[in-house]
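A.B. asks: Here it is, the structure in full.
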Amino acid sequence: MKAVAETPDGQGALTHFATTRWSLIRPGGALGTPSAENAGLTHLCQIYWRPIFTFVYRRGYSAQDAQDLTQDFFLMIQEGTLLQSADPERGRFRSLLIRSLKNFLIDAQVKRRTQKRGGDLQFVSWETWMADVPGQLSISTQALETSPAEALFDLSWAAAIAEEALRRLRLECESKGRRRVYEVLNAYLTTEREDISYHDLSVALGVPEPSVKSLLHQFRKRYRALLREEVAKTVESDADVNDEIRYLCATLSTGGG
């Protein structure tokens, strides 16, 4: 797995963080209404359940127990009982979640909760995720078997961020009638230029090679911008974005398959 070759410097400073992940976990947060907050939290869980699940699973729980505990953890967030005193100035959202997760697992009572699990949140099994996750974002078997739980959490977190940016890029392409462009070019977002056959891509897309080069440049530029937006949702200030991107890209580069 290769990380993004360039950090998205020069994309312009972000001027607001009104939709950061922090706003989703604060009672009466920026989203305004309970229904909006619930929808936001559900979306948050759909994106970030895998890092939580991976961490719990690597700590020695069975796949079923890890899935149950993951859903319990997000239920507590949804209920506003876990992170209501969270202070964004004390660290990145990623750091907050793993700190809270460790405390959650220490609590023996939480492990024996009998209330209905999951609420309206939809989760999938570990096996389904491993089968469906894009190849360039997958975690190697060696990493799964040998990496500490904390390292796996960060690796899964980085993959989730990159995958969400990729999902948004796909939706944008589909909305503009360019799904074929996405299908052909998405595998080359992080490929070194010398390893790219522009001739083959030209044939696949049915456009001249100069057009392929322009399309790929625009494609990569947009992906970096979306990646930056996703990272910005997990930190509290623009000053933290580039550092977090560099860290996550390095994590993907060293931990993937």
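The values are calculated or read from the model by the stated rules, or taken from the named source; none is laboratory data. Please read these numbers as outputs of a predicted model, since none were measured by experiment. Cβ: placed from backbone, ideal geometry, glycine included. Neighbour counts: every protein chain shown.
A.B. asks: Just to check your reading of the model, which residue among VAL212, VAL184, VAL207 is farther than 23 Å from GLU244 by Cβ, without any contact (Cβ under 8 Å) to a residue 60 or more places away in the chain and assigned to a loop (DSSP other than H, G, I, E, B)?
C.D. replies: VAL207
A.B. asks: May I pose another question? Considering each residue of the stretch 234-257, count those that are surrounded by fewer than 22 Cβ atoms within 10 Å (Cβ to Cβ) and outside any helix (DSSP H, G or I), and give that number.
C.D. replies: The number of residues fulfilling the criteria is 4.
A.B. asks: Considering only the stretch 187-204, I want to know if a residue exists there that is surrounded by fewer than 18 Cβ atoms within 10 Å (Cβ to Cβ), touching a residue at least 60 places away in the same chain (Cβ under 8 Å), out of contact with any helix residue (DSSP H, G or I) (no Cβ under 6 Å at 6 or more places or on another chain) and among the polar types (S, T, N, Q).
C.D. replies: Scanning the stretch 187-204 turns up at least one residue that is surrounded by fewer than 18 Cβ atoms within 10 Å (Cβ to Cβ), touching a residue at least 60 places away in the same chain (Cβ under 8 Å), out of contact with any helix residue (DSSP H, G or I) (no Cβ under 6 Å at 6 or more places or on another chain) and among the polar types (S, T, N, Q).
A.B. asks: Return only the number of the condition from (1) modelled with pLDDT under 75; (2) of a type outside the set (S, T, N, Q); (3) touching an Asp or Glu at 6+ places or on another chain (Cβ under 8 Å) that ILE25 does not satisfy.
C.D. replies: So the condition that ILE25 fails would be (3).
A.B. asks: Something else now. When GLN218 is evaluated against the numbered criteria (1) under 27 Å from PRO51 (Cβ atoms); (2) part of a helix (DSSP H, G or I), which criterion, by number, is the only one it fails?
C.D. replies: Exception for GLN218: condition (1).
A.B. asks: Could you say whether any residue in the stretch 100-111 is buried (at least 16 other Cβ atoms within 10 Å of the Cβ), under 15 Å from the mean Cα position of the chain (by Cα) and modelled with pLDDT of 70 or more?
C.D. replies: No, the conditions are met nowhere in the stretch 100-111.
A.B. asks: Quick test of your reading of the structure: LEU82 fulfils all but one of (1) of a type in the set (A, V, I, L, M); (2) more than 27 Å from THR190 (Cα to Cα); (3) buried (at least 19 other Cβ atoms within 10 Å of the Cβ); (4) at pLDDT 75 or above. Name the failing condition by number.
C.D. replies: With (1) of a type in the set (A, V, I, L, M); (2) more than 27 Å from THR190 (Cα to Cα); (3) buried (at least 19 other Cβ atoms within 10 Å of the Cβ); (4) at pLDDT 75 or above applied to LEU82, the lone miss is (4).
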